[in-house]
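Peer 1: This structure is in structure tokens; I'll ask about it shortly.
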Amino acid sequence: MAANDTIADMLTRIRNSSLARHETTSVPATKMTRSIAKVLKDEGFIAECSEEGEGIKVQLVLALKYKGKNRKPIITALKRVSRPGLRVYSNRKELPRVLGGIGIAIISTSSGIMTDREARRAGLGGEVLCYVW
């Protein structure tokens, strides 16, 4: 795979796995994917996040969450905002609200990766990585 947008790759894998109702999905482990996985877990979008493999082939295994007897995916959509070709930054006053606060925006700030809510509380702006709802 030639793409070096690990975030878009991660979001696509999660999206495809949840649409196919898979229990888990794996993404290459990088500092960025670990941080995003942690935010998704803290916000209740994924159940569990573990690592397997060693050296350069470490994979993050994300356990997806579903609700109800029809197993509707908790994550209805993931949208990449800032990408390598077009970076999107937002100062603390202009942090986006996703679906009026139902969804989250994942922001890369100087204090690490966090949700729009946490960034607003900390008074930080940063790069808007993606929306999840």
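The values are calculated or read from the model by the stated rules, or taken from the named source; none is laboratory data. On a predicted model such as this, the values are computed, not experimentally measured, just so you know. Cβ: placed from backbone, ideal geometry, glycine included. Neighbour counts: every protein chain shown. The protein model used for the area step is the full one, side chains on, heavy atoms only, and it has no ligands, DNA or RNA in it. Shrake-Rupley method; radii C 1.70, N 1.55, O 1.52, S 1.80 Å.
Peer 1: Nearest 10 degrees, 0 to 90: what angle lies between the long axis of helix 31-42 and the longest principal axis of the chain (Cα atoms)?
Peer 2: Once rounded, one gets 90 degrees.
Peer 1: Once you charge only the Cβ atoms, +1 for Lys and Arg and -1 for Asp and Glu, what is the size of the charge dipole of region 65-133 about its Cα centre, to the nearest 20 debye? Kindly include the intermediate steps, with their values, before the conclusion.
Peer 2: Numbers: 15 positive and 4 negative charges, 87 e Å.
For region 65-133, the charge dipole is close to 420 debye.
Peer 1: While we're looking at this one, here's another question. Helix 6-19 versus the longest principal axis of the chain: what angle, 0 to 90°, nearest 10, using Cα atoms?
Peer 2: Compared with the principal axis, the helix lies near 50 degrees.
Peer 1: Now a separate question. Treating the beta-carbon of each Lys and Arg as +1 and of each Asp and Glu as -1, no other charges, what is the dipole magnitude of the chain about its Cα centre, to the nearest 20 debye? It would help to have the intermediate numbers written out before the result.
Peer 2: Numbers: 23 positive and 13 negative charges, 110 e Å.
For the chain, the charge dipole is close to 540 debye.
Peer 1: Grab the DSSP H runs of the chain that are 4 residues or longer, score each as -39,500 (n - 2.57), total them, divide by all residues and round the 222 nm result to the nearest 500 deg cm²/dmol. Write down the numbers at each step before the final one.
Peer 2: Numbers: 3 runs with 33 residues, N = 133.
My calculation for the chain gives -7500 deg cm²/dmol from helical runs alone.
Peer 1: Of the labelled options (1) 15.8, 52; (2) 14.0, 42; (3) 14.6, 42, which one gives Rg and Dmax of the Cα atoms in Å as computed for this structure?
Peer 2: The calculated read-out lines up with (3).
Peer 1: For region 54-133, state which trypsin sites (Lys or Arg not before Pro) are in a DSSP loop and have at most 12 other beta carbons lying within 10 Å of their beta carbon.
Peer 2: Numbers: sites: 57, 65, 67, 69, 71, 79, 80, 87, 92, 93, 97, 117, 120, 121; in loops: 65, 69, 71, 87, 97.
In loop regions of region 54-133 (DSSP not H, G, I, E or B), the sparsely surrounded trypsin sites (Lys or Arg not before Pro) are 69, 71, 87.
Peer 1: Further, regarding this structure: Residues of region 49-133: accessible area per residue at 1.4 Å, in Å²? Each step should come with its number before you reach the end.
Peer 2: On the way: 5040 Å² over 85 residues.
For region 49-133, the solvent-accessible area averages 59 Å² per residue.
Peer 1: Relative contact order, percent, of region 6-133 when contacts are C-alpha pairs under 8 Å separated by at least 6 residues? Before the final figure, lay out the partial values.
Peer 2: On the way: 234 pairs, mean separation 28.9, N = 128.
So the answer I get is 23 percent.
Peer 1: Beyond 12 Å, how much of the Cα-Cα pair distribution for region 70-124 remains, as a whole percent?
Peer 2: Counting every Cα pair in region 70-124, those more than 12 Å apart make up 69 percent.
Peer 1: Please report, as a whole percent, how much of the solvent-accessible surface of the chain comes from carbon and sulfur atoms (probe radius 1.4 Å). Let's see the in-between values first.
Peer 2: Working: 3900 of 7660 Å².
Within the chain, the accessible surface is 51 percent carbon and sulfur.
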